[in-house]
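The values are calculated or read from the model by the stated rules, or taken from the named source; none is laboratory data. A quick note: this is a predicted structure, and the numbers were derived from the prediction, not measured. Ideal geometry is used to build each Cβ from the backbone, glycine not excepted, and the neighbour counts take in all protein chains shown. These area figures cover heavy atoms from the full protein model, side chains too; ligands, DNA and RNA do not enter into them. Shrake-Rupley method; radii C 1.70, N 1.55, O 1.52, S 1.80 Å.
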Amino acid sequence: ADGPRTVVTVGQDGDLPSPAVLEATLAGGATTRVTYPVDVWFDGRRAFDAVLDAGGRRVERVTLDPDRRFPDRDPSDNV
């Protein structure tokens, strides 16, 4: 998305909450990572909106858990 912010909705399908690590690939190939603590799930939500500020640069791709550190029954939906 263009503009100062990109909003990504992150959902939790399983029963084991974990931190949400997002890696954004920006125009030109630079990457940035943002980690949301496991606390985002403590109020019982199954989804939350992660707001990424790319400093006005275009976000071309967002990957959830890019290092595949957390259990995931379907990692194919992480991009």
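The table that follows gives values for the structure above.
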read-out	value
Some residue of region 31-38 being open to solvent by 60 Å² or more (accessible area, probe 1.4 Å), among the hydroxyl-bearing types (Ser, Thr, Tyr) and touching a Ser or Thr at 6+ places or on another chain (Cβ under 6 Å)	yes
Residue list for region 60-79, filter: within 12 Å of the chain's Cα centre (by Cα) and surrounded by 11 or more Cβ atoms within 10 Å (Cβ to Cβ)	Val62, Thr63, Leu64, Asp65, Pro66, Asn78, Val79
Pairs where the first residue, in region 43-57, is more than 29 Å from Asp15 (Cα to Cα) and open to solvent by less than 100 Å² (accessible area, probe 1.4 Å) and the second is among the aliphatic types (A, V, I, L, M) and assigned to a strand (DSSP E or B), C-beta under 7 Å, 6+ apart	Ala54/Ala24; Ala54/Leu26
All positions within region 1-21 that are surrounded by 11 or more Cβ atoms within 10 Å (Cβ to Cβ) and either touching a Leu at 6+ places or on another chain (Cβ under 6 Å) or acidic (Asp, Glu) (or both)	Thr6
Selection from region 1-58 of residues that are under 15 Å from Asn78 (Cα atoms), in contact with a Pro (Cβ under 7 Å, 6 or more places away or on another chain) and among the acidic types (Asp, Glu)	Glu23
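The rows are residues; the columns are (1) at pLDDT below 95; (2) within 14 Å of the chain's Cα centre (by Cα); (3) part of a loop (DSSP other than H, G, I, E, B).
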| position | (1), (2), (3) |
| --- | --- |
| Val7 | yes, yes, no |
| Leu16 | yes, no, yes |
| Leu22 | no, yes, no |
| Gly28 | yes, no, yes |
| Gly55 | yes, no, yes |
